[in-house]
There are 2 protein chains.
Amino acid sequence: MSKTLAVVLVSGGMDSCVTAAIAARHHELALLHVNYGQKTETRELRAFGQIGDFFGVPIPRRLVCSIDHLRTIGGSSLTDPQLAVSNANLTTSEIPTSYVPFRNAHLLSIAVSWAEVLRAKHIFIGAVEEDSSGYPDCRIGYFSAFNEVIRQGTRPETTLAVETPIIHLRKQDIVRKGLELGAPLELTWSCYRREAKACGTCDSCALRLRGFQEAGIEDPLPYIERPSYV
Amino acid sequence: MSKTLAVVLVSGGMDSCVTAAIAARHHELALLHVNYGQKTETRELRAFGQIGDFFGVPIPRRLVCSIDHLRTIGGSSLTDPQLAVSNANLTTSEIPTSYVPFRNAHLLSIAVSWAEVLRAKHIFIGAVEEDSSGYPDCRIGYFSAFNEVIRQGTRPETTLAVETPIIHLRKQDIVRKGLELGAPLELTWSCYRREAKACGTCDSCALRLRGFQEAGIEDPLPYIERPSYV
């Protein structure tokens with residue numbers, strides 16, 4: 001039996017790269033990347049291309065979309081040049097300034113439209129609930145609700161669901177899972193602030209570095225500084 | 001007490017214009033228009049501007065977004081230059097070729113992001129379920145499911161819901177409601193095919209003309225032909 005097709009959302013970061021490696025075990029891949037005005041867009045796009053090459057995904061099954069309206073709408077330090085990206089605070093439960101209002105619905109909507117035309121059966125997203133920044137649109141209840149929207153809002157013959165294979169993993173387990181599956185973590189990019197060397201202190205760097213440190217493995221990326229988060 | 005703010009999705013067509021008139025009774029308006037590569041984009045945008053002027057909505061509360069990916073993804077006669085827009089068949093229950101895969105999720109996602117930043121409390125959309133083209137993402141169950149995604153995927157302090165005030169109306173009742181509220185139906189545009197005179201025979205023209213004919217009122221728009229649909 002031939003493999004079914006899965007659309008994987010690939011930001012260029014570690015979580016989505018490991019998610020692609022998980023999806024690749026049972027599915028043919030179609031990779032989607034969305035530029036939404038985030039400050040490190042150029043670097044993320046390079047990571048997306050290299051991850052696509054690594055997994056041997058043919059060009060017609062790679063889609064890069066650019067949406068301007070999240071920057072126009074603002075409300076996030078990731079997209080608003082007037083707002084600085086804060087240093088990480090991994091002990092608070094508050095929603096950080098990097099929250100982009102309702103962002104994941106935009107990404108998933110593009111994935112669903114593409115998947116419906118491609119007749120793919122699955123959409124994979126590397127969302128992480130517990131060991132994460134606390135964004136409301138990264139929780140399991142959110143994805144269950146979105147799957148109901150897909151059931152209601154697509155053609156009757158379309159069977160399509162969002163899969164979140166790493167949502168309950170801690171970052172250290174994501175690092176270990178990536179190494180176990182041979183995912184190319186050295187090609188990924190996580191920093192919210194910089195594109196040549198990672199800053200090491202934004203929310204995304206802090207979560208990544210803590211994951212590597214807890215797993216006892218050295219992160220292959222170059223950093224300006226590598227604080228200890230354990 | 002000052003009026004609360006509502007984001008209204010305004011395509012430029014009759015249904016969304018009447019929906020804006022309904023919303024304007026109790027709310028301040030913020031109007032959102034999305035270009036998604038539909039063939040009559042220019043004409044719809046003109047209608048959007050004129051409807052905004054009619055309701056006196058200040059420019060900072062009007063947002064026009066352009067998304068290219070629905071055209072890139074294709075799968076619909078509304079966005080694919082290779083696919084002709086079919087003549088209407090108002091007696092079939094099949095989903096017509098004009099269905100744009102999962103389109104309304106894109107429009108609603110933009111509305112939610114904007115509404116969350118504006119701290120609006122409502123999103124109005126002029127979806128019609130029964131007397132319509134049969135798109136799966138225009139049904140009441142779809143919007144209920146989407147409201148659950150909003151509850152799950154926005155900040156805890158955000159209270160925001162999609163309202164569909166005309167979803168159970170027949171087209172003739174939408175025409176009557178529009179006249180009763182003084183909605184500027186003469187400024188709206190519904191045709192999927194043409195921009196100077198409406199064709200009179202696409203799905204959207206047929207539904208509109210049938211509504212006016214059943215209401216016993218003459219549609220103020222110019223048409224190439226006006227078949228009888230009653």
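The values are calculated or read from the model by the stated rules, or taken from the named source; none is laboratory data. Worth saying up front: this structure is predicted, and the values here are computed from it rather than measured. FYI the Cβ positions are ideal-geometry reconstructions off the backbone, even for glycines, and counts take in every protein chain you see.
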Checklist line | Search result, residues across the stretch A:1-21 that are aliphatic (A, V, I, L, M) and not in a loop (DSSP other than H, G, I, E, B) | finding: A:Leu5, A:Ala6, A:Val7, A:Val8, A:Leu9, A:Met14, A:Val18, A:Ala20, A:Ala21
Item checked: Selected residue (criterion: nearest to the chain's Cα centre (by Cα)) from residues of the stretch A:50-71 that are part of a helix (DSSP H, G or I) and in contact (Cβ under 8 Å) with a residue 12 or more places away in the chain -> A:Ile51
Next item on the list: May I ask you to list the residues in the stretch B:136-160 that are crowded, with 18+ Cβ neighbours inside 10 Å, closer than 26 Å to B:Arg208 by Cβ and more than 13 Å from the chain's Cα centre (by Cα)?
Entry: B:Pro136, B:Arg139, B:Tyr142, B:Phe143, B:Phe146
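Can you give me the number of residues within the stretch A:72-102 that are within 11 Å of chain B (Cβ to nearest Cβ), of a type outside the set (A, V, I, L, M) and not in a loop (DSSP other than H, G, I, E, B)? Explain how you work it out, then say what you get.
The initial filter retains those residues of the stretch A:72-102 that are within 11 Å of chain B (Cβ to nearest Cβ), namely A:72-76, A:79-80, A:93-95, A:99-102.
Narrowing further to those that are of a type outside the set (A, V, I, L, M): A:72, A:74-76, A:79-80, A:93-94, A:99, A:101-102.
Keeping just the survivors that are not in a loop (DSSP other than H, G, I, E, B) gives A:72.
Final tally of qualifying residues: 1.
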Check: Can you find a residue in the stretch A:101-111 that is modelled with pLDDT of 95 or more, polar (S, T, N, Q), touching a helix residue (DSSP H, G or I) at 6+ places or on another chain (Cβ under 7 Å) and farther than 18 Å from A:Asp15 by Cβ?
Finding: yes
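Every residue, every condition in (1) surrounded by fewer than 20 Cβ atoms within 10 Å (Cβ to Cβ); (2) under 18 Å from A:Glu225 (Cα atoms); (3) more than 15 Å from the chain's Cα centre (by Cα); (4) aromatic (Phe, Trp, Tyr), yes or no:
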site: A:Val162; (1), (2), (3), (4): no, no, no, no
site: A:Leu169; (1), (2), (3), (4): no, no, no, no
site: A:Asp173; (1), (2), (3), (4): yes, no, yes, no
site: A:Lys177; (1), (2), (3), (4): yes, no, yes, no
site: A:Leu181; (1), (2), (3), (4): yes, no, yes, no
site: A:Leu185; (1), (2), (3), (4): no, no, no, no
site: A:Ser190; (1), (2), (3), (4): no, yes, no, no
Note to self: Can you tell me how many residues within the stretch A:144-174 are closer than 30 Å to A:Ala206 by Cβ, in contact with a Leu (Cβ under 9 Å, 6 or more places away or on another chain) and aliphatic (A, V, I, L, M)?
What the structure shows: 1
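Could you count how many residues in the stretch A:116-143 are of a type in the set (Gly, Ala, Ser) and touching a Leu at 6+ places or on another chain (Cβ under 6 Å)?
Looking only at that region, the number is 1.
Name every residue in the stretch A:23-33 that is touching a helix residue (DSSP H, G or I) at 6+ places or on another chain (Cβ under 7 Å) and either more than 11 Å from A:Ile51 (Cβ to Cβ) or among the hydrophobic types (A, V, I, L, M, F, W, C) (or both), in order of residue number. Working first, answer last.
Step one: of the stretch A:23-33, the residues touching a helix residue (DSSP H, G or I) at 6+ places or on another chain (Cβ under 7 Å) are A:29-33.
Scanning the stretch A:23-33 gives A:Leu29, A:Ala30, A:Leu31, A:Leu32.
Taking A:Thr79, is it among the hydroxyl-bearing types (Ser, Thr, Tyr), within 25 Å of B:Arg62 (Cα to Cα) and touching a Gly at 6+ places or on another chain (Cβ under 7 Å)?
Numbers: among the hydroxyl-bearing types (Ser, Thr, Tyr): yes; within 25 Å of B:Arg62 (Cα to Cα): yes; touching a Gly at 6+ places or on another chain (Cβ under 7 Å): yes.
For A:Thr79, the condition - among the hydroxyl-bearing types (Ser, Thr, Tyr), within 25 Å of B:Arg62 (Cα to Cα) and touching a Gly at 6+ places or on another chain (Cβ under 7 Å) - is met.
Yes/no per residue for (1) more than 13 Å from chain A (Cβ to nearest Cβ); (2) closer than 23 Å to B:Glu41 by Cβ; (3) in a helix (DSSP H, G or I):
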{"site": "B:Ser113", "(1), (2), (3)": "no, yes, yes"}
{"site": "B:Glu130", "(1), (2), (3)": "yes, no, no"}
{"site": "B:Arg155", "(1), (2), (3)": "no, no, no"}
{"site": "B:Glu186", "(1), (2), (3)": "yes, yes, yes"}
{"site": "B:Trp189", "(1), (2), (3)": "yes, yes, no"}
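Return the residue satisfying two criteria in turn: it lies in the stretch A:22-49 and is part of a helix (DSSP H, G or I) and of a type outside the set (D, E, K, R), and of such residues it is nearest to A:Phe124 (Cα to Cα).
A:Ala23
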Note to self: Can you tell me how many residues within the stretch B:1-29 are farther than 18 Å from B:Thr159 by Cβ and within 14 Å of the chain's Cα centre (by Cα)?
What the structure shows: 14
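Any residue at all in the stretch A:159-171 that's part of a helix (DSSP H, G or I) and either more than 15 Å from B:Pro101 (Cα to Cα) or hydrophobic (A, V, I, L, M, F, W, C) (or both)? Working first, answer last.
Taking the stretch A:159-171 as the starting set, the residues that turn out to be part of a helix (DSSP H, G or I) are A:171.
Checking the rest, the ones that are also either more than 15 Å from B:Pro101 (Cα to Cα) or hydrophobic (A, V, I, L, M, F, W, C) (or both) come to A:171.
Yes; the residues of the stretch A:159-171 include at least one that is part of a helix (DSSP H, G or I) and either more than 15 Å from B:Pro101 (Cα to Cα) or hydrophobic (A, V, I, L, M, F, W, C) (or both).
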Checklist line | The listed residue being at pLDDT below 95, surrounded by fewer than 16 Cβ atoms within 10 Å (Cβ to Cβ), under 23 Å from A:Cys65 (Cβ atoms) and not charged (D, E, K, R), out of B:Ser86, B:Ser93, B:Ser66 | finding: B:Ser66
Note to self: Taking the condition of being closer than 12 Å to A:Gly13 by Cα and β-branched (Val, Ile, Thr), how many residues in the stretch A:176-222 meet it?
What the structure shows: 1
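When you check A:Asp68 against the structure, is it charged (D, E, K, R), under 19 Å from A:Ser204 (Cα atoms) and within 13 Å of chain B (Cβ to nearest Cβ), yes or no?
Numbers: charged (D, E, K, R): yes; under 19 Å from A:Ser204 (Cα atoms): no; within 13 Å of chain B (Cβ to nearest Cβ): yes.
When the stated conditions are applied, A:Asp68 does not pass them.
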